[in-house]
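Just below is one structure, and these are the notes that go with it.
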Amino acid sequence: MLKPDKLSLNIPATTKPRVVIIGGGFGGINLARKLSDKNFQVVMFDRQNYHGFWPLLYQVATAGLEPDSIAEPLRKMFGGDEYEDFYFRLVKVTNINPIARTVETVVGDLAFDFLVIATGTKINYFGNEQIKKYGFPLKQIPHALNLRSQLLQCFEQASMTTDPEAQQSLLNFVIVGGGPTGVETAGALAEMRKHILPSDYPGVDFTKMNIYLVEGMDRVLPPMSPEASQKTYKYLNEMGIIIKLSTLVEGYDGETAILKGGEQIKTNTLIWAAGVSGAVIGGLPEECVERGRYLVNEFNQVVGYDNIFAIGDVAMMKTPEFPKGHPGVAQPAIQQGKLLAKNLKRIIKKEPLEPFKYYDKGSLAIIGRNRAVADLPNNMHLGGFFAWVIWLFVHIMYLIGFRNKLVVLSNWVYKFFTYENSTRLIIRPYVRKGDRVSQSFINKYGGD
Ligand SMILES: Cc1cc2nc3c(=O)[nH]c(=O)nc-3n(C[C@H](O)[C@H](O)[C@H](O)COP(=O)(O)OP(=O)(O)OC[C@H]3O[C@@H](n4cnc5c(N)ncnc54)[C@H](O)[C@@H]3O)c2cc1C
């Protein structure tokens with residue numbers, strides 16, 4: 001491979017206004033799809049070459065889906081004739097220079113007329129370096145593959161040890177964070193414990209496998225309604241998950257998780273699903289950023305700039321309804337991306353801009369087979385089978401790519417009848433002492 005100094009961005013000069021989009025996530029792709037070649041040159045930067053469908057990431061981590069089926073290559077999405085003046089570059093943007101109107105990358109700088117920051121979030125360990133070092137995050141595909149291998153290696157080792165303490169530690173799983181990712185991972189693990197592991201590992205007594213779900217707030221699924229939280233609590237309990245509410249994890253040294261109040265749990269696997277903060281890039285003044293997100297006005301313009309925008313998770317648009325910004329879910333990013341495309345066209349036509357108004361389509365979480373919860377518009381709350389069907393339908397609908405829809409659907413149908421999690425392969429993207437996620441892994445795959 002060539003070193004960065006042998007590369008350049010290689011973007012042709014243009015007479016059209018150049019829109020630079022940092023990030024091909026939900027916000028970035030919905031913006032780029034609606035920008036027309038006639039009016040703009042569009043350049044998208046992403047540090048990964050695919051758009052990830054993160055709501056199904058936990059299924060990759062628990063061997064339910066292969067990673068390729070929850071991601072779509074960005075070059076494939078924007079490869080057709082429709083996108084002749086679109087350029088994708090696989091590179092991380094390291095700095096923004098608002099005065100020179102350029103973005104900086106390791107292979108060179110690029111001037112922009114309009115800049116859209118759609119970088120999403122990074123993992124927030126709340127300053128706990130120990131958990132950062134030893135915990136297993138679940139934010140990107142390499143994390144999910146690493147966690148999948150870890151889980152399966154724990155089961156393999158549990159079948160080969162005669163030391164009861166060591167075996168218990170291998171069979172204890174601590175999931176930190178009772179939001180959708182934590183709940184869905186816990187549910188998927190409980191289903192594996194019931195339907196798959198006893199036949200895969202006949203020598204291991206899986207009644208000893210403990211799944212702990214630790215949440216700092218006083219209910220699971222804090223972003224959803226109290227009704228959804230109550231139902232989820234009940235389902236998790238029925239599935240044998242040990243729930244610890246109003247509890248913080250204070251430390252983890254790779255062997256013992258220490259909970260606030262002193263309780264200790266011996267475990268080889270602590271899954272960190274407890275927090276994210278905006279993936280802010282350096283270069284803009286400090287007053288543009290509040291609590292890790294760019295402050296934007298109702299047109300998604302970063303405060304103080306009329307040609308720099310932020311959309312999605314990294315944007316904080318304060319409104320009377322959302323005084324701390326919109327929720328960090330896919331819909332605000334999708335809707336802001338689509339509206340910004342319209343507004344950029346309005347800017348070049350010198351027309352007035354349309355302010356953003358969030359349409360809340362509801363929230364969903366799945367706990368297991370026939371068990372899901374749904375908060376729908378008009379204060380409707382569903383649980384159980386109907387919510388489960390809605391969850392399946394919505395996720396297939398929003399998944400990008402026909403092939404992905406087909407693969408995921410066929411996997412789910414197959415699983416429904418056979419109870420199989422079919423991708424139970426141990427393939428670690430890297431191996432290091434102790435087989436743990438390492439700083440080099442984080443640096444390489446961007447596990448921040
Ligand atoms: C595990 C998980 C489960 C989730 N489950 C749900 C769910 O069930 N429902 C729901 O609505 N939402 C869910 N979310 C949240 C949802 O995925 C986000 O709200 C949504 O992705 C936000 O879109 P975005 O465009 O702002 O950012 P993202 O989709 O995260 O995209 C950001 C992109 O920017 C790129 N990037 C970041 N920094 C740089 C840089 N410096 N240079 C170049 N590229 C960069 C990243 O590689 C990424 O491709 C989940 C998130 C996670 C992590």
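Return the total of residues in region 67-108 being over 22 Å from PHE53 (Cα atoms), touching a Phe, Trp or Tyr at 6+ places or on another chain (Cβ under 9 Å) and acidic (Asp, Glu). Number of matching residues: 1.
The single condition from (1) buried (at least 23 other Cβ atoms within 10 Å of the Cβ); (2) closer than 30 Å to LEU152 by Cβ that GLU66 fails is (1). Considering the conditions (1) free of Cβ contacts under 8 Å to residues at least 24 places away in the same chain; (2) of a type in the set (Ser, Thr, Tyr); (3) within 21 Å of LEU248 (Cβ to Cβ), TYR125 is excluded by exactly one of them, (1). Filtering region 86-107 for residues that are at negative phi, touching a helix residue (DSSP H, G or I) at 6+ places or on another chain (Cβ under 6 Å), outside any strand (DSSP E or B) and within 16 Å of the ligand (Cβ to nearest atom) leaves a non-empty set.
Taken together, the criteria place PHE114 among residues that are buried (at least 17 other Cβ atoms within 10 Å of the Cβ), away from the ligand (no atom under 12 Å from the Cβ) and not assigned by TED's automatic domain parsing to the domain that holds ILE258. Of all residues in region 340-363, which are free of Cβ contacts under 8 Å to residues at least 60 places away in the same chain and within 16 Å of the ligand (Cβ to nearest atom)? PHE356, TYR358, TYR359, ASP360, LYS361, GLY362, listed by residue number. Among the residues of this structure, GLY240 does not count as one that is modelled with pLDDT of 95 or more, within 16 Å of the ligand (Cβ to nearest atom) and surrounded by fewer than 20 Cβ atoms within 10 Å (Cβ to Cβ). Pairs linking a residue in region 58-70 that is not assigned by TED's automatic domain parsing to the domain that holds ILE396 to a residue that is away from the ligand (no atom under 12 Å from the Cβ) and in a loop (DSSP other than H, G, I, E, B), with Cβ atoms under 6 Å and 6 or more positions apart or on different chains, are GLN59/LEU65; ALA63/ASN421; ALA63/THR423; ALA63/ARG424; GLY64/ASN421; GLU66/THR423.
Among the residues making up region 146-187, those that are among the β-branched types (Val, Ile, Thr) and in contact with a Ser or Thr (Cβ under 8 Å, 6 or more places away or on another chain) are VAL174, ILE175, VAL183, THR185.
Here region 45-61 is the region considered, the condition is being outside any helix (DSSP H, G or I) and either within 7 Å of the ligand (Cβ to nearest atom) or of a type outside the set (Phe, Trp, Tyr) (or both), and the residue that is farthest from the chain's Cα centre (by Cα) is PHE45.
The listed residues are PHE385, PHE417, PHE402, PHE356, and the only one of them that is surrounded by fewer than 16 Cβ atoms within 10 Å (Cβ to Cβ) and either among the basic types (Lys, Arg) or modelled with pLDDT of 95 or more (or both) turns out to be PHE385. Taking region 249-324 as the region of interest, the strands (runs of 3 or more DSSP E) fully inside it that hold 1 or more residues being surrounded by fewer than 20 Cβ atoms within 10 Å (Cβ to Cβ) and more than 16 Å from the ligand (Cβ to nearest atom) are 249-252, 256-259, 264-266. When we screen PHE155, PHE173 for residues that are over 24 Å from SER246 (Cα atoms) and touching a residue at least 24 places away in the same chain (Cβ under 8 Å), the only hit is PHE155. One residue alone among LEU145, LEU170 is part of a helix (DSSP H, G or I), among the aliphatic types (A, V, I, L, M) and under 27 Å from ALA333 (Cα atoms), and that residue is LEU145. So is VAL220 farther than 25 Å from ALA372 by Cα, at pLDDT 95 or above and of a type in the set (Val, Ile, Thr) or not? In short, no.
The values are calculated or read from the model by the stated rules, or taken from the named source; none is laboratory data. Just so we're clear, the structure is a prediction, and the values are computed from it rather than from any experiment. Heads up, the Cβs are rebuilt from the backbone with ideal geometry, glycines too, and the neighbour counts pull from every protein chain shown.
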